[in-house]
Amino acid sequence: MKLKGEKQESSDYNEGSKGKITLLLALVALISAFGSSFQYGYNVSVINSPAPYMQDFYNQTYFNRNGVPMDSGFQTLLWSLTVSMYPLGGLFGSLMVWPLVNNCGRKGTLLINNLFSIAAAILMGTSELAKTFEVIILSRAIMGIYAGLASNVVPMFLGEMSPKNLRGAIGVVPQLFITLGILVAQILGLNSILGNAEGWPVLLGLTGIPSLIQLLILPFLPESPRYLLIQKGNEEQARQALQKLRGRDDVDDEMEEMHKEDQSEKEEGHFSVLSLCTFRGLRWQLISIVVMMMGQQLSGVNAVFYYADRIFQSAGVDNSNVQYVTVSIGAINVVMTLLAVFIVESLGRRILLLAGFGLCCVSCAVLTLALSLQTTVSWMSYLSIVCVVVYIIGHAIGASPIPFVMITEMFLQSSRPAAFMVGGSVHWLCNFTVGLVFLYMEAGLGPYSFLIFCAICLATIVYIFFIVPETKNKTFMEINRIMAKRNKVEIQEDKENLEDLHAVPGRRAEKKEISSSKL
C-alpha cells in the first residue's frame, strides 16, 4: 500500500502545481519577447535588403570627405565590419548577463537593456542626415550587446515565471518572436517598401519602437518570483508575484518547491563562470549546453540562408522576385516555430531536438548532392528548394528554440545566470565564426561545405540521444536529481528530508549540514 500512497501524494502535488496560462503571464511573455527577442531577429536580417544602398552611402560619404572614391577593398572591409559587429556585440552582451541579472534582477536587466536599443536606433536613423557611416558600424555593435543580453535574459525570465507544465511552450515564445523579427525586417526591406535609397535609415531606426513599448509597460509587470525569493530573500514579494502570475491565492506548492531549491543550494552561494566550469556536480549540464549551442549555430543555418537566393535563381526564379521567395522562407520559419510552441509540451524536448537536428542533417546531405548535380540533372534545382524548406522546418522546431529552454531547465537558480552567460557566449562566438569562415569555406569547397554541417548535426544528434534527458513537466529539482546521477554525485536532500522541510523548519540548517558533509 505504500506505493499507492506515494503515487497519490505525487499526483496531488502534480495536480496542485499544474498551472494555466493567465492573462498576466501571457502579457509578460508577449511584452518581454516583443520588446527584446523581436529585435534580435529584426537586426539579424534588416541590413540584407538595403545593403547596396547603404554601400552607396558609404562610398558617397567617403567621396564627399576625401574627393576620391573609396577603394573596393576598403569598402568590403567596412561592410564586413557592419555585418560582423552585430554578433561580436552579442558576445559582449552575453558576458554582461551574469553581473546584471544578479544585481539588477531579470526585469531590471531588460529595462536597462532597452537604453542600448533606443540609443542605437536614434544613431542609425539619423546617420544619413549626419553624413557618417562610422555611426552605423558603432550602432550595430551596440545592437549586438542589446541582442546578446536579450537572447539570454528573456528565456531565463520567462522560464522562471512559468509553471512546469507550460515552461517549454512559454520558453519557445522568445524564438517565435526572433523569427517574427526576421520576417518583419524582410517584409519592410522589400524594395517597394523601405529597402531603397530613401527608406533604409527609417528601416534601421524602427528597431527602437518595440524597446520604447517595453520600457513603458514592463515596469508594471511582476519580477521573477524565483529571483525575489531565492536571491533577494523576499518571501512576501515572491508570493505576491506568484499569486498574480497564477491568478489564484493558493501557490503553496510552488513556494514549497522554491524553498527546497533555495535550501539545496544555500551552502553553494552564487556560481561564477569559473566555479560553474570547475564544479563536478554540474559538469554534464555544462557540456550539454555547450554542445547544443555549438550544434545550433554550426549546423549551417546561416549558410542555408546565404545559399537560398542562389538556389532559387538556379531553379528559374526571376532575380526581381527572389526577395519575395526569401520572405516566404521567413514565413515558413515563423509558422514552424509557432508549431513548436504547441507541440513542445506534448512531444517533449528530446524528440524535438532529435527530429530537428535529424531533418537538418538529412537536408544538408541531400543538398550537397543536389547542388553538385544541378548543372547536369535539370530537376535537381527543385530538390534543392525542398532541402532548404525541410532544413528551415527542422531548425525551427528543434535546433533553434529548444537549447535556450534547456539552459533554463538544467540549472538551478544559483548557477542559471552563469550557465546562460556560457551558453550565450558559445552561441554568439559560433555565430561570429560561421560568418567569418563560411565565405572561405564556400570558395574552397563549394556545395561540399554542407557535408561539414551534416557531420556537425549528426554528432549533435548522437550526443543528445545518449546524454540529454527529457525535462518535460519536471520541476527544476527533479531535473537536478536526474543530472546528479549522470555526474555521479549525490543530492543529499533525499525524499524524507524534502517532505520534512516545512514541517520542521528548525531542522533545516542541521539537515543541510549533514548533507554537505556527505557530498
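Identification of helices (runs of 4 or more DSSP H) wholly contained in segment 448-519 with 1 or more residues that are modelled with pLDDT of 90 or more and buried (at least 16 other Cβ atoms within 10 Å of the Cβ) yields 449-467, 476-487. Whether a residue is farther than 22 Å from Gly199 by Cα, open to solvent by 20 Å² or more (accessible area, probe 1.4 Å) and of a type outside the set (Val, Ile, Thr) was assessed, and Leu129 does not pass this test. Does Cys360 fit the bill of being out of contact with any strand residue (DSSP E or B) (no Cβ under 6 Å at 6 or more places or on another chain) and at pLDDT 95 or above? So Cys360 passes the test. In the set (1) open to solvent by 10 Å² or more (accessible area, probe 1.4 Å); (2) in a helix (DSSP H, G or I); (3) of a type outside the set (A, V, I, L, M, F, W, C); (4) at pLDDT 90 or above, the condition left unmet by Pro69 is number (2).
Would you kindly identify the helices (runs of 4 or more DSSP H) lying entirely within segment 104-191 that contain at least 1 residues that are under 23 Å from Asn302 (Cβ atoms)?
Values: elements: 127-130, 134-161, 167-188.
Of the helices (runs of 4 or more DSSP H) lying wholly inside segment 104-191, those with at least 1 residues that are under 23 Å from Asn302 (Cβ atoms) span 134-161, 167-188.
Does segment 196-228 hold any residues that are of a type in the set (Val, Ile, Thr) and open to solvent by 50 Å² or more (accessible area, probe 1.4 Å), and which are they? Val202, Ile209, Ile213, Ile217, listed by residue number. From the list Gly348, Gly300, the one residue that fits, being crowded, with 22+ Cβ neighbours inside 10 Å and on the phi > 0 side of the Ramachandran plot, is Gly300. Number of residues in segment 240-279 that are open to solvent by less than 60 Å² (accessible area, probe 1.4 Å) and not polar (S, T, N, Q): the value is 20. Would you confirm whether any residue within segment 168-180 is touching a residue at least 24 places away in the same chain (Cβ under 8 Å), in the same structural domain as Ile31 (by the TED database) and closer than 23 Å to Leu123 by Cα? So far as segment 168-180 goes, yes, one or more of its residues are touching a residue at least 24 places away in the same chain (Cβ under 8 Å), in the same structural domain as Ile31 (by the TED database) and closer than 23 Å to Leu123 by Cα. Please work out which residue is most open to solvent (accessible area, probe 1.4 Å), limiting yourself to segment 79-111 and to residues that are of a type in the set (Val, Ile, Thr) and closer than 27 Å to Trp200 by Cα. That would be Val83. Take Gln237 and tell me if it is part of a helix (DSSP H, G or I), open to solvent by 20 Å² or more (accessible area, probe 1.4 Å) and not assigned by the TED database to the domain that holds Cys430. For Gln237, the condition - part of a helix (DSSP H, G or I), open to solvent by 20 Å² or more (accessible area, probe 1.4 Å) and not assigned by the TED database to the domain that holds Cys430 - is met. Being open to solvent by less than 60 Å² (accessible area, probe 1.4 Å), under 24 Å from Arg350 (Cα atoms) and touching a residue at least 24 places away in the same chain (Cβ under 8 Å) is a property that does not hold for Gln231.
The values are calculated or read from the model by the stated rules, or taken from the named source; none is laboratory data. Predicted, not measured: the structure shown is a model, and the values here were computed from it. We place every Cβ from the backbone using ideal geometry, glycine too, and count neighbours over all the protein chains shown. For accessibility, only protein heavy atoms count, side chains too; no ligands or nucleic acids. Shrake-Rupley method; radii C 1.70, N 1.55, O 1.52, S 1.80 Å.
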